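The values are calculated or read from the model by the stated rules, or taken from the named source; none is laboratory data. Because the structure is predicted, anything quoted here is derived from the model rather than measured. Cβ: placed from backbone, ideal geometry, glycine included. Neighbour counts: every protein chain shown. Heavy atoms of the whole protein, side chains included, go into the accessibility calculation; ligands, DNA and RNA do not. Shrake-Rupley method; radii C 1.70, N 1.55, O 1.52, S 1.80 Å.
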Amino acid sequence: MVLVNHPDHFQHVLVDAHANYDKDNFLYRAVQTVFRGGLVSNPGGERWRARRRMMQPSFNRGSIVDLSPGMTDLTGRLLDRWAARDDPDAVVDVSADIRDLALKIALRSLFGVEAGADVAAFERNFLELNTIIGNFFRFPFPPLSRRPRLRALIQDMDGFVDRLVTDREADPAERRDLFSALLAMTHHTSGVNLTRQELLGEILSTIVSGYETSSNSMAWVFYRLARHPEIQRRVQEEVDRVLDGRAPTLESLSELTYTRMVIDETLRLHTPAWQTMRRAIADDEIGGYRIPQGSSVYLNFLTYHRHPEFWPDPDRFDPERFAPENAAKRPRNVYQPFGSGPRYCIGKYFALTEMQIVVAMLAQTFTLTVPPGQRPVGFAPLVTLHPKGGIRLRLARR
Ligand code: HEM
(Lines give C-alpha, C1' and ligand atoms only; values in the text may rest on other atoms or scores of the structure.)
Protein backbone atom coordinates (compact mmCIF):
# COMPACT_ATOMS: atom_id res chain seq x y z
CA MET A 1 0.00 0.00 0.00
CA VAL A 2 1.24 3.46 -0.88
CA LEU A 3 0.31 6.44 1.30
CA VAL A 4 0.36 9.81 -0.43
CA ASN A 5 0.19 13.00 1.60
CA HIS A 6 1.32 15.86 -0.63
CA PRO A 7 -1.08 18.17 -2.54
CA ASP A 8 0.65 17.40 -5.86
CA HIS A 9 0.09 13.70 -5.27
CA PHE A 10 -3.53 14.08 -4.17
CA GLN A 11 -4.03 16.14 -7.32
CA HIS A 12 -2.44 13.41 -9.42
CA VAL A 13 -4.48 10.51 -8.04
CA LEU A 14 -7.87 12.22 -7.66
CA VAL A 15 -7.83 14.67 -10.56
CA ASP A 16 -5.11 14.59 -13.23
CA ALA A 17 -4.72 10.80 -13.53
CA HIS A 18 -8.14 9.86 -12.10
CA ALA A 19 -8.90 7.51 -15.00
CA ASN A 20 -6.06 5.27 -13.80
CA TYR A 21 -7.37 5.04 -10.23
CA ASP A 22 -10.59 3.21 -9.34
CA LYS A 23 -12.25 2.03 -6.15
CA ASP A 24 -11.82 -1.70 -6.73
CA ASN A 25 -9.70 -2.14 -3.60
CA PHE A 26 -9.65 -3.53 -0.07
CA LEU A 27 -11.38 -0.57 1.58
CA TYR A 28 -14.26 -0.24 -0.86
CA ARG A 29 -14.77 -3.98 -1.31
CA ALA A 30 -15.56 -4.05 2.43
CA VAL A 31 -17.97 -1.13 2.03
CA GLN A 32 -19.54 -2.84 -1.01
CA THR A 33 -20.67 -5.66 1.30
CA VAL A 34 -23.19 -3.13 2.60
CA PHE A 35 -23.77 -0.65 -0.24
CA ARG A 36 -23.14 -3.03 -3.13
CA GLY A 37 -22.56 -0.89 -6.24
CA GLY A 38 -23.92 2.24 -4.50
CA LEU A 39 -22.29 5.47 -5.65
CA VAL A 40 -19.85 5.83 -2.73
CA SER A 41 -18.29 2.37 -3.13
CA ASN A 42 -18.93 1.85 -6.84
CA PRO A 43 -15.64 0.72 -8.42
CA GLY A 44 -15.85 3.32 -11.21
CA GLY A 45 -15.96 3.45 -15.00
CA GLU A 46 -19.09 3.67 -17.14
CA ARG A 47 -21.42 2.03 -14.58
CA TRP A 48 -20.42 4.65 -11.99
CA ARG A 49 -20.73 7.51 -14.51
CA ALA A 50 -24.28 6.53 -15.50
CA ARG A 51 -25.41 6.45 -11.87
CA ARG A 52 -23.75 9.77 -11.04
CA ARG A 53 -25.41 11.37 -14.07
CA MET A 54 -28.84 10.20 -12.91
CA MET A 55 -28.36 11.43 -9.33
CA GLN A 56 -26.42 14.68 -9.84
CA PRO A 57 -29.38 17.02 -10.61
CA SER A 58 -30.94 16.31 -7.21
CA PHE A 59 -27.82 17.70 -5.50
CA ASN A 60 -27.30 20.82 -7.58
CA ARG A 61 -27.77 24.22 -5.96
CA GLY A 62 -31.20 24.64 -7.53
CA SER A 63 -32.50 21.53 -5.79
CA ILE A 64 -30.97 22.51 -2.46
CA VAL A 65 -32.99 25.76 -2.52
CA ASP A 66 -36.17 23.69 -2.25
CA LEU A 67 -34.77 21.54 0.56
CA SER A 68 -33.60 24.23 2.98
CA PRO A 69 -37.04 25.03 4.56
CA GLY A 70 -37.34 21.35 5.59
CA MET A 71 -33.93 21.59 7.23
CA THR A 72 -34.89 24.67 9.28
CA ASP A 73 -38.20 23.09 10.29
CA LEU A 74 -36.66 19.87 11.61
CA THR A 75 -33.83 21.78 13.34
CA GLY A 76 -36.38 24.04 15.04
CA ARG A 77 -38.15 20.99 16.43
CA LEU A 78 -34.96 19.64 18.01
CA LEU A 79 -34.12 23.03 19.52
CA ASP A 80 -37.66 23.26 20.95
CA ARG A 81 -37.26 19.83 22.48
CA TRP A 82 -33.93 20.83 24.03
CA ALA A 83 -35.47 24.07 25.32
CA ALA A 84 -38.33 22.14 26.98
CA ARG A 85 -36.08 19.76 28.95
CA ASP A 86 -37.17 19.17 32.56
CA ASP A 87 -33.67 19.83 33.87
CA PRO A 88 -32.02 22.64 31.90
CA ASP A 89 -28.68 21.91 33.62
CA ALA A 90 -28.61 18.29 32.49
CA VAL A 91 -25.75 17.32 30.19
CA VAL A 92 -27.03 16.51 26.68
CA ASP A 93 -25.54 13.84 24.37
CA VAL A 94 -25.57 16.21 21.42
CA SER A 95 -23.95 13.72 19.05
CA ALA A 96 -26.86 11.26 19.43
CA ASP A 97 -29.52 13.96 19.01
CA ILE A 98 -27.76 15.49 16.02
CA ARG A 99 -27.41 12.09 14.39
CA ASP A 100 -31.13 11.63 14.73
CA LEU A 101 -31.77 15.12 13.30
CA ALA A 102 -29.44 14.54 10.33
CA LEU A 103 -31.12 11.22 9.49
CA LYS A 104 -34.55 12.87 9.62
CA ILE A 105 -33.29 15.68 7.38
CA ALA A 106 -31.83 13.19 4.88
CA LEU A 107 -35.03 11.11 4.78
CA ARG A 108 -37.28 14.11 4.32
CA SER A 109 -35.05 16.08 1.92
CA LEU A 110 -33.86 13.26 -0.29
CA PHE A 111 -36.76 10.79 -0.10
CA GLY A 112 -39.77 12.88 0.92
CA VAL A 113 -40.49 10.63 3.91
CA GLU A 114 -41.12 11.53 7.53
CA ALA A 115 -39.04 9.39 9.86
CA GLY A 116 -41.12 6.82 11.76
CA ALA A 117 -40.43 4.84 14.91
CA ASP A 118 -38.10 2.47 13.07
CA VAL A 119 -35.35 5.09 12.49
CA ALA A 120 -33.89 4.51 15.96
CA ALA A 121 -33.21 0.84 15.09
CA PHE A 122 -31.76 1.90 11.73
CA GLU A 123 -29.32 4.28 13.46
CA ARG A 124 -28.32 1.63 16.02
CA ASN A 125 -27.82 -0.97 13.30
CA PHE A 126 -25.64 1.30 11.22
CA LEU A 127 -23.51 2.31 14.20
CA GLU A 128 -22.83 -1.37 14.95
CA LEU A 129 -22.09 -2.08 11.31
CA ASN A 130 -19.78 0.94 11.06
CA THR A 131 -17.85 -0.41 14.07
CA ILE A 132 -17.57 -3.92 12.60
CA ILE A 133 -16.24 -2.63 9.27
CA GLY A 134 -14.02 -0.01 10.95
CA ASN A 135 -12.40 -2.78 13.05
CA PHE A 136 -12.12 -5.00 10.00
CA PHE A 137 -9.82 -2.45 8.34
CA ARG A 138 -7.40 -2.84 11.23
CA PHE A 139 -7.72 -6.63 11.60
CA PRO A 140 -9.33 -8.25 8.55
CA PHE A 141 -10.11 -11.66 10.01
CA PRO A 142 -12.40 -13.50 9.75
CA PRO A 143 -13.54 -12.31 6.31
CA LEU A 144 -16.74 -10.28 6.23
CA SER A 145 -18.51 -13.08 4.33
CA ARG A 146 -18.23 -15.23 7.45
CA ARG A 147 -19.91 -12.87 9.88
CA PRO A 148 -23.56 -13.75 10.49
CA ARG A 149 -24.12 -10.63 12.62
CA LEU A 150 -23.10 -8.40 9.72
CA ARG A 151 -25.52 -10.21 7.41
CA ALA A 152 -28.35 -9.80 9.94
CA LEU A 153 -27.67 -6.05 10.24
CA ILE A 154 -27.64 -5.55 6.47
CA GLN A 155 -30.86 -7.55 6.16
CA ASP A 156 -32.53 -5.35 8.77
CA MET A 157 -31.44 -2.15 7.04
CA ASP A 158 -32.53 -3.55 3.67
CA GLY A 159 -35.93 -4.19 5.25
CA PHE A 160 -36.13 -0.52 6.26
CA VAL A 161 -35.24 0.61 2.73
CA ASP A 162 -37.58 -1.93 1.14
CA ARG A 163 -40.50 -0.46 3.12
CA LEU A 164 -39.64 3.02 1.80
CA VAL A 165 -39.61 1.72 -1.77
CA THR A 166 -42.87 -0.22 -1.38
CA ASP A 167 -44.62 2.84 0.09
CA ARG A 168 -43.36 5.06 -2.71
CA GLU A 169 -44.39 2.56 -5.39
CA ALA A 170 -47.91 2.48 -3.94
CA ASP A 171 -48.14 6.29 -4.10
CA PRO A 172 -49.74 7.40 -7.39
CA ALA A 173 -48.55 11.04 -7.17
CA GLU A 174 -45.83 11.82 -9.69
CA ARG A 175 -42.76 13.48 -8.22
CA ARG A 176 -39.47 14.72 -9.60
CA ASP A 177 -37.07 14.15 -6.71
CA LEU A 178 -34.04 12.03 -5.92
CA PHE A 179 -36.21 9.06 -4.96
CA SER A 180 -37.81 9.10 -8.44
CA ALA A 181 -34.35 9.40 -10.03
CA LEU A 182 -33.20 6.35 -8.06
CA LEU A 183 -36.30 4.33 -8.94
CA ALA A 184 -35.85 5.29 -12.59
CA MET A 185 -32.45 3.59 -12.48
CA THR A 186 -34.26 0.24 -12.38
CA HIS A 187 -35.66 0.95 -15.86
CA HIS A 188 -34.03 -0.51 -18.89
CA THR A 189 -33.93 2.92 -20.55
CA SER A 190 -31.83 4.60 -17.83
CA GLY A 191 -28.52 3.16 -18.98
CA VAL A 192 -28.08 1.75 -15.48
CA ASN A 193 -30.81 -0.89 -15.12
CA LEU A 194 -30.45 -1.86 -11.46
CA THR A 195 -31.91 -5.02 -9.93
CA ARG A 196 -34.04 -4.62 -6.80
CA GLN A 197 -31.05 -5.66 -4.64
CA GLU A 198 -28.82 -3.09 -6.33
CA LEU A 199 -31.49 -0.43 -5.87
CA LEU A 200 -31.66 -1.19 -2.12
CA GLY A 201 -27.86 -0.84 -1.95
CA GLU A 202 -27.93 2.51 -3.75
CA ILE A 203 -30.67 3.89 -1.52
CA LEU A 204 -28.91 2.64 1.60
CA SER A 205 -25.67 4.22 0.41
CA THR A 206 -27.45 7.54 -0.18
CA ILE A 207 -29.23 7.59 3.18
CA VAL A 208 -26.09 6.70 5.11
CA SER A 209 -23.81 9.13 3.30
CA GLY A 210 -26.57 11.72 3.71
CA TYR A 211 -26.50 11.71 7.52
CA GLU A 212 -23.37 9.99 8.82
CA THR A 213 -20.69 12.47 7.86
CA SER A 214 -22.65 15.68 8.32
CA SER A 215 -23.97 14.65 11.75
CA ASN A 216 -20.47 13.94 13.05
CA SER A 217 -19.24 17.24 11.64
CA MET A 218 -22.02 19.18 13.35
CA ALA A 219 -21.34 17.45 16.67
CA TRP A 220 -17.68 18.45 16.36
CA VAL A 221 -18.65 22.06 15.57
CA PHE A 222 -20.75 22.14 18.76
CA TYR A 223 -17.81 20.74 20.69
CA ARG A 224 -15.45 23.35 19.29
CA LEU A 225 -17.87 26.18 20.10
CA ALA A 226 -18.15 24.93 23.67
CA ARG A 227 -14.37 24.67 24.01
CA HIS A 228 -13.70 28.14 22.56
CA PRO A 229 -16.16 30.59 24.20
CA GLU A 230 -14.70 33.62 22.41
CA ILE A 231 -15.29 31.96 19.02
CA GLN A 232 -18.81 30.99 20.08
CA ARG A 233 -19.49 34.63 21.02
CA ARG A 234 -18.40 35.80 17.56
CA VAL A 235 -20.70 33.26 15.89
CA GLN A 236 -23.59 34.40 18.11
CA GLU A 237 -22.90 38.04 17.30
CA GLU A 238 -22.86 37.25 13.60
CA VAL A 239 -26.13 35.30 13.57
CA ASP A 240 -27.82 37.96 15.72
CA ARG A 241 -26.68 40.70 13.34
CA VAL A 242 -27.48 38.91 10.07
CA LEU A 243 -30.62 37.03 11.04
CA ASP A 244 -32.05 39.34 13.71
CA GLY A 245 -34.00 36.47 15.29
CA ARG A 246 -35.34 35.08 11.99
CA ALA A 247 -34.76 31.54 10.71
CA PRO A 248 -31.90 31.36 8.16
CA THR A 249 -32.70 31.25 4.46
CA LEU A 250 -30.38 30.11 1.71
CA GLU A 251 -29.65 33.77 0.79
CA SER A 252 -28.77 34.75 4.36
CA LEU A 253 -26.30 31.85 4.68
CA SER A 254 -23.85 33.56 2.35
CA GLU A 255 -23.67 36.45 4.85
CA LEU A 256 -22.76 34.13 7.73
CA THR A 257 -19.11 34.22 6.79
CA TYR A 258 -17.58 33.70 10.23
CA THR A 259 -19.93 30.77 10.94
CA ARG A 260 -18.73 29.23 7.69
CA MET A 261 -15.08 29.75 8.71
CA VAL A 262 -15.75 27.86 11.96
CA ILE A 263 -17.36 25.01 9.99
CA ASP A 264 -14.44 24.93 7.53
CA GLU A 265 -11.87 24.78 10.31
CA THR A 266 -13.83 22.00 12.04
CA LEU A 267 -13.92 20.03 8.79
CA ARG A 268 -10.16 20.46 8.54
CA LEU A 269 -9.37 19.08 11.98
CA HIS A 270 -12.21 16.57 12.26
CA THR A 271 -12.67 15.51 8.62
CA PRO A 272 -15.45 12.93 8.95
CA ALA A 273 -14.78 11.09 5.65
CA TRP A 274 -11.24 10.73 6.87
CA GLN A 275 -9.78 8.16 4.50
CA THR A 276 -10.16 6.86 1.00
CA MET A 277 -8.36 4.49 -1.29
CA ARG A 278 -7.73 3.93 -4.98
CA ARG A 279 -6.31 1.05 -7.00
CA ALA A 280 -3.79 1.74 -9.77
CA ILE A 281 -5.32 0.22 -12.91
CA ALA A 282 -1.99 0.38 -14.79
CA ASP A 283 1.64 1.12 -13.83
CA ASP A 284 2.20 4.74 -12.92
CA GLU A 285 4.67 7.07 -11.26
CA ILE A 286 3.97 9.48 -8.40
CA GLY A 287 6.60 11.97 -7.25
CA GLY A 288 9.37 9.89 -8.81
CA TYR A 289 8.20 6.62 -7.18
CA ARG A 290 7.07 3.69 -9.28
CA ILE A 291 3.46 2.65 -8.62
CA PRO A 292 3.01 -0.88 -9.97
CA GLN A 293 -0.33 -1.88 -11.48
CA GLY A 294 -2.74 -3.10 -8.79
CA SER A 295 -1.18 -1.03 -5.96
CA SER A 296 -3.52 0.34 -3.34
CA VAL A 297 -3.05 4.06 -2.90
CA TYR A 298 -4.21 5.30 0.49
CA LEU A 299 -5.28 8.92 1.07
CA ASN A 300 -5.86 10.07 4.62
CA PHE A 301 -7.57 13.47 4.80
CA LEU A 302 -6.89 13.74 8.52
CA THR A 303 -3.11 13.76 8.14
CA TYR A 304 -3.37 15.69 4.87
CA HIS A 305 -5.23 18.53 6.57
CA ARG A 306 -2.49 18.78 9.20
CA HIS A 307 0.44 18.97 6.79
CA PRO A 308 2.86 21.33 8.60
CA GLU A 309 4.15 22.78 5.35
CA PHE A 310 0.75 24.36 4.63
CA TRP A 311 -0.83 24.69 8.07
CA PRO A 312 1.29 26.48 10.70
CA ASP A 313 0.71 24.97 14.16
CA PRO A 314 -1.56 22.40 12.47
CA ASP A 315 -3.30 20.95 15.54
CA ARG A 316 -4.56 24.34 16.76
CA PHE A 317 -8.21 25.20 16.10
CA ASP A 318 -8.19 28.59 14.39
CA PRO A 319 -11.06 29.64 12.08
CA GLU A 320 -8.97 32.66 10.95
CA ARG A 321 -7.14 30.29 8.63
CA PHE A 322 -10.25 30.51 6.45
CA ALA A 323 -10.49 34.30 6.36
CA PRO A 324 -10.32 35.13 2.62
CA GLU A 325 -6.91 36.84 2.87
CA ASN A 326 -5.38 33.80 4.65
CA ALA A 327 -7.05 31.20 2.43
CA ALA A 328 -5.68 33.04 -0.64
CA LYS A 329 -2.13 32.37 0.54
CA ARG A 330 -2.53 28.56 0.33
CA PRO A 331 -2.76 26.35 -2.74
CA ARG A 332 -6.48 25.57 -3.11
CA ASN A 333 -6.19 21.83 -3.04
CA VAL A 334 -4.46 21.56 0.37
CA TYR A 335 -7.96 21.62 1.84
CA GLN A 336 -10.48 19.14 0.50
CA PRO A 337 -12.84 17.61 3.06
CA PHE A 338 -15.20 16.74 0.19
CA GLY A 339 -12.52 15.20 -2.01
CA SER A 340 -11.76 16.37 -5.55
CA GLY A 341 -11.88 15.21 -9.15
CA PRO A 342 -14.87 13.49 -10.74
CA ARG A 343 -15.65 11.51 -7.58
CA TYR A 344 -15.84 14.52 -5.25
CA CYS A 345 -18.73 14.45 -2.80
CA ILE A 346 -22.10 14.69 -4.53
CA GLY A 347 -23.62 15.95 -1.25
CA LYS A 348 -21.21 18.85 -0.73
CA TYR A 349 -23.73 21.72 -1.07
CA PHE A 350 -26.39 19.73 0.72
CA ALA A 351 -24.05 19.14 3.68
CA LEU A 352 -22.69 22.69 3.83
CA THR A 353 -26.20 24.15 3.70
CA GLU A 354 -27.46 21.81 6.39
CA MET A 355 -24.47 22.47 8.65
CA GLN A 356 -24.76 26.24 8.35
CA ILE A 357 -28.50 26.15 9.07
CA VAL A 358 -28.14 23.92 12.11
CA VAL A 359 -25.15 25.76 13.57
CA ALA A 360 -26.74 29.19 13.01
CA MET A 361 -30.04 28.16 14.62
CA LEU A 362 -28.22 26.59 17.54
CA ALA A 363 -26.15 29.74 18.08
CA GLN A 364 -29.33 31.83 18.03
CA THR A 365 -30.87 29.75 20.80
CA PHE A 366 -28.24 28.30 23.13
CA THR A 367 -24.82 28.87 24.64
CA LEU A 368 -22.84 25.65 24.85
CA THR A 369 -20.41 24.78 27.62
CA VAL A 370 -18.23 21.79 28.41
CA PRO A 371 -19.24 20.14 31.73
CA PRO A 372 -16.55 20.78 34.37
CA GLY A 373 -13.87 18.10 34.52
CA GLN A 374 -14.68 16.66 31.07
CA ARG A 375 -11.58 15.33 29.34
CA PRO A 376 -10.91 16.24 25.70
CA VAL A 377 -12.91 14.04 23.32
CA GLY A 378 -10.80 11.74 21.16
CA PHE A 379 -11.41 10.05 17.81
CA ALA A 380 -13.17 6.76 17.18
CA PRO A 381 -11.89 5.93 13.68
CA LEU A 382 -14.77 3.87 12.25
CA VAL A 383 -15.41 3.90 8.50
CA THR A 384 -16.29 7.50 9.25
CA LEU A 385 -14.65 9.48 12.03
CA HIS A 386 -16.71 9.56 15.22
CA PRO A 387 -16.15 11.38 18.52
CA LYS A 388 -15.08 8.69 20.97
CA GLY A 389 -17.81 8.18 23.55
CA GLY A 390 -19.98 10.90 21.96
CA ILE A 391 -20.11 14.62 22.68
CA ARG A 392 -21.83 15.69 25.90
CA LEU A 393 -22.43 19.36 26.57
CA ARG A 394 -24.47 21.78 28.65
CA LEU A 395 -26.94 23.95 26.76
CA ALA A 396 -28.04 27.23 28.33
CA ARG A 397 -30.93 29.19 26.79
CA ARG A 398 -29.67 32.57 25.58
C1 HEM B 1 -19.68 17.01 6.01
C2 HEM B 1 -20.27 16.16 5.24
C3 HEM B 1 -19.60 15.33 4.19
C4 HEM B 1 -18.27 15.10 3.95
C5 HEM B 1 -17.07 15.63 4.71
C6 HEM B 1 -18.19 14.22 2.79
C7 HEM B 1 -17.01 13.80 2.22
C8 HEM B 1 -16.91 13.05 1.06
C9 HEM B 1 -15.68 12.71 0.38
C10 HEM B 1 -14.27 13.09 0.86
C11 HEM B 1 -15.99 12.01 -0.72
C12 HEM B 1 -15.01 11.49 -1.79
C13 HEM B 1 -14.43 10.16 -1.44
C14 HEM B 1 -13.43 9.68 -2.47
O15 HEM B 1 -13.05 10.40 -3.39
O16 HEM B 1 -13.01 8.54 -2.35
C17 HEM B 1 -17.43 11.86 -0.74
C18 HEM B 1 -18.13 11.18 -1.70
C19 HEM B 1 -19.50 11.03 -1.66
N20 HEM B 1 -20.39 11.65 -0.78
FE21 HEM B 1 -19.93 12.86 0.73
N22 HEM B 1 -19.46 13.94 2.37
C23 HEM B 1 -20.35 14.60 3.18
C24 HEM B 1 -21.72 14.62 3.09
C25 HEM B 1 -22.44 13.95 2.14
C26 HEM B 1 -23.87 14.03 1.97
C27 HEM B 1 -24.81 14.91 2.79
C28 HEM B 1 -24.20 13.20 0.98
C29 HEM B 1 -25.59 13.05 0.47
C30 HEM B 1 -26.18 12.05 0.11
C31 HEM B 1 -22.96 12.58 0.49
C32 HEM B 1 -22.84 11.65 -0.52
C33 HEM B 1 -21.66 11.24 -1.10
C34 HEM B 1 -21.60 10.31 -2.23
C35 HEM B 1 -22.77 9.63 -2.87
C36 HEM B 1 -20.24 10.20 -2.59
C37 HEM B 1 -19.64 9.38 -3.73
C38 HEM B 1 -19.62 10.21 -4.98
C39 HEM B 1 -19.08 9.47 -6.19
O40 HEM B 1 -18.21 8.62 -6.05
O41 HEM B 1 -19.54 9.82 -7.28
N42 HEM B 1 -21.91 13.07 1.21
N43 HEM B 1 -17.98 12.53 0.35
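When +1 charges are put on Lys and Arg Cβ atoms and -1 charges on Asp and Glu Cβ atoms, the dipole computed for the chain relative to its Cα centre reaches about 740 debye. Solvent-accessible area per residue in the chain equals 45 Å², computed with a 1.4 angstrom probe and all protein chains kept. The listed peptides 263-269, 318-324, ordered by packing as a protection proxy, come out as 263-269, 318-324 (highest mean of other Cβ atoms within 10 Å first). Taking the DSSP beta bridges with both ends in the chain, the antiparallel portion is around 85 percent.
Whole-Hz Karplus values for the range 308-316 come out as x, 5, 10, 10, x, 6, x, 7, 7 Hz, taken residue by residue from phi with 6.51 cos²θ - 1.76 cosθ + 1.60 and θ = phi - 60°; glycine and proline positions read x.
With contacts taken as Cα pairs under 8 Å at a separation of at least 6 residues, the range 2-397 carries a relative contact order of 29 percent. To the nearest 10, the accessible area of residue 156 is 90 Å² with a 1.4 Å probe. Computed in the context of the full set of protein chains, the accessible area of the range 2-397 at 1.4 Å probe radius has 53% of its extent on carbon or sulfur.
Bridgeable lysines around residue 348 (alpha carbons under 22 Å apart, same-chain partners fewer than 8 residues away excluded): 23, 104. Straightening the chain between residue 86 and residue 167 buys 25.5 nm, computed as 0.36 nm per residue apart minus the Cα-Cα spacing. Counting only protein heavy atoms and using a 1.4 Å probe, the accessible area of residue 379 comes to about 70 Å². Within the straight-line cut-off of under 13 Å between alpha carbons, the aspartates and glutamates reachable from residue 388 are 93, sequence neighbours fewer than 8 places apart in one chain being disregarded. Note on residue 281 and residue 149: the model spin-label points, each 7 Å out from Cα along the C-beta direction, lie 3.8 nm apart.
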